[in-house]
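Right, one structure below, let's go through it.
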Amino acid sequence: MSNTSRHTALDALHRELGATMTDFAGWDMPLRYASERDEHNAVRTRAGLFDLSHMGEITVSGPAAVDLLNHALVGNIGSVGVGRARYTMICQADGGILDDLIVYRLGESEYMVVANAGNAQVVLDALTERAAGFDAQVRDDRDAYALIAVQGPESPGILKAVTDADLDGLKYYAGLPGTVAGVPALIARTGYTGEDGFELFVAPEHAEGLWRALTEAGAPAGLIPCGLSCRDTLRLEAGMPLYGHELTTALTPFDAGLGRVVKFEKTSHADDFVGVEALRAAAERAEAAPPRKLVGLVAEGRRVPRAGMSVVADGQVIGEVTSGAPSPTLGKPIAMAYVDAAHAAPGTAGVGVDIRGTHEPYEVVALPFYKRQK
Amino acid sequence: MSNPQQLRYSKEHEWLSATEDGVATIGITEFAANALGDVVYADLPSVGDTVTAGETCGELESTKSVSDLYSPVSGEVVEANQDVVDDPSLVNSAPFEGGWLFKVRVAQEPGDLLSADEYTAFAGS
């Protein structure tokens, strides 16, 4: 383990709770507290508590903040209302994905961009560079926030016990400032688990108190602390992409099956956002002759596919696994994979994964593997 | 966690029971089970297989990774634990008991197996 690992404000608490820690993008983070399967199931059926303080917050503000974001990102940020959030991406000039992001509009001319931990510096640098000529400020707020998520069907009830904020009025992909357990927080109805849930951005000095208050409020409902291991199986079941796996600089959003996040019609900078030309070409390619498509694979046997393993059919390599894990909800191993379009239709016969030399049979399915009942 | 005194241990984190009628039982330690996380698939050697001390004879797959399984001794496999094949989580819940992996008719054992105290010091557990 690296001695230079960064630690979140909850580090001592994780150790007190007996967490197994792991290095993640230079941060020492909880992998699991006890059984990752129990943690996964708690989020699906009750509630789980996550420390996500490694995520990178960047504040963009000023009269031209929206114009800067429309220029720098692929989405139409001008259509995001105050108090709402948007899933979007930041691309290179060649259309390759630098990161996937959530942008929260906190005020008339104030936005918070949340980047993946491993890409936070890249996103900060790109936004800073792309801000040239705009009347807007880009501020590194990575140290200003701890981030705690409570996810799962019981999460609204648990949060209500410790806040007066109007949670019923808070829609999915929205965020509002409020007070939780006596401390100021940005309360967002977002997450990465496929369940209803909230992400709470607070000052680091308030993180431990908030965590303990949520633990206490959630105990009767079965809330338990959860690590990054179950976060990965939860997002995989929900068919959500992970940067570095389904998303890379070698792929455009269209190659990743997420072309819908690219808006060629924008309220500003529709013709000069970074990557626009390459993305127009990628959109046409995807329409005319998609090279590979992102699909779901469900194992017929019990061996687990892993990122980088070949997808095969008739003895030929037809694709590559990008993420794979045993699915606690389905009770079978599952994977996301990019496969040649000819083999991408759900139900395509004869598809397998090369697991250390053995071609294990897999069923091609549409994503996601799991969708919650609303 | 405590490592049972009556067992011996390898540096690959297997345990080995005392040999009775030439047969010893083999499993992985609680330390190893905890490090793996939830075991979801166990590929165990088959009855009749010859295993060699320190060489791969199967694999244990957990949520996050797959790990080779080694045998701490050489000999012939006389039983594989079907309960673990059916329910791999036994490796986590009872690594020294119901989660044993296979039994070997011992032909040869290496001289570097550890006592419980030596293994505890080695694993830092």
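Bear in mind that the values in this text are calculations on the coordinates, not laboratory data. Everything numeric here is computed off the predicted structure, so don't read it as measured data. Note: ideal-geometry Cβ built from the backbone for every residue, glycine included; neighbour counts use all protein chains shown.
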Exercise for review: Using Cα positions and a limit of under 23 Å, work out the lysines in reach of residue B:11, with same-chain residues fewer than 8 apart set aside.
Suggested key: B:64, B:103
Study note, to complete from the structure: Scalar couplings 3J(HN,Hα) for region A:42-53 by Karplus 6.51 cos²θ - 1.76 cosθ + 1.60 (θ = phi - 60°), nearest whole Hz, x for Gly and Pro, are 4, 5, 5, 10, 9, 6, x, 10, 10, 9, 10, 5
Check your understanding: Amide H neighbours of residue A:180 under 5 Å, counting only residues 5+ apart in sequence or on other chains, H built in-plane at 1.01 Å?
Key -> A:185
Exercise for review: With label points built 7 Å along Cα→Cβ from the Cα atoms of residue B:56 and residue A:340, find their separation and express it in nm.
Suggested key: 2.9
Revision key, fill the gap. Taking A:222-230, B:84-92 and ranking on average Cβ neighbours within 10 Å, highest first, one gets A:222-230, B:84-92
Check your understanding: Which whole-Hz ³J(HN,Hα) couplings does region A:165-172 yield from phi under the Karplus relation 6.51 cos²θ - 1.76 cosθ + 1.60, θ = phi - 60°, glycine and proline marked x?
Key -> 4, 7, 6, 5, x, 8, 7, 4
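Take peptide A:304-310, look around each residue's Cβ out to 10 angstrom, count Cβ atoms belonging to other protein chains, and average those counts.
Values: counts 8, 0, 4, 0, 0, 0, 0.
Neighbouring Cβ atoms belonging to other protein chains average 2 per residue here.
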Review point. Which whole number gives the average count of other chain Cβ atoms within 10 Å of the Cβ atoms across peptide B:57-65?
Key: 5
Point to revise | Residues of type lysines that residue A:374 reaches as a straight line, Cα spacing below 23 Å, ignoring anything fewer than 8 places off in the same chain | key: A:160, A:171
Practice item. Order these peptides, B:109-118, A:151-160, by their mean beta-carbon neighbour count within 10 angstrom, highest first. Key: A:151-160, B:109-118
Check your understanding: Between residue A:248 and residue A:23, what is the label-to-label distance in nm when each label sits 7 Å out along the Cα-to-Cβ direction?
Key -> 2.1
Point to revise | Choice from A:288, A:299, A:72 with maximal GNM fluctuation in chain A (Cα, 10 Å cutoff) | key: A:288
Study note, to complete from the structure: Taking the protein assembly as shown and counting helices only, DSSP H stretches of n ≥ 4 at -39,500 (n - 2.57) each over all residues, the nearest-500 ellipticity at 222 nm comes to -5500 deg cm²/dmol
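When you look at the Cβ of every residue in B:38-44, what mean number of other chain Cβ atoms sits within 10 Å?
5
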Exercise for review: Could you go through region A:342-348 in sequence order and give the Karplus-derived ³J(HN,Hα) for each residue, using 6.51 cos²θ - 1.76 cosθ + 1.60 with θ = phi - 60°, rounded to whole Hz, and x for Gly and Pro?
Suggested key: 5, 10, 8, 5, x, x, 3
**Study point:** Residues whose placed amide H lies under 5 Å from that of residue A:52, excluding near-sequence neighbours
**Key:** A:147, A:148, A:149
Practice item. Could you sort A:88-99, A:131-142 so that the peptide with the highest average Cβ count within 10 Å comes first and the rest follow in order? Key: A:88-99, A:131-142
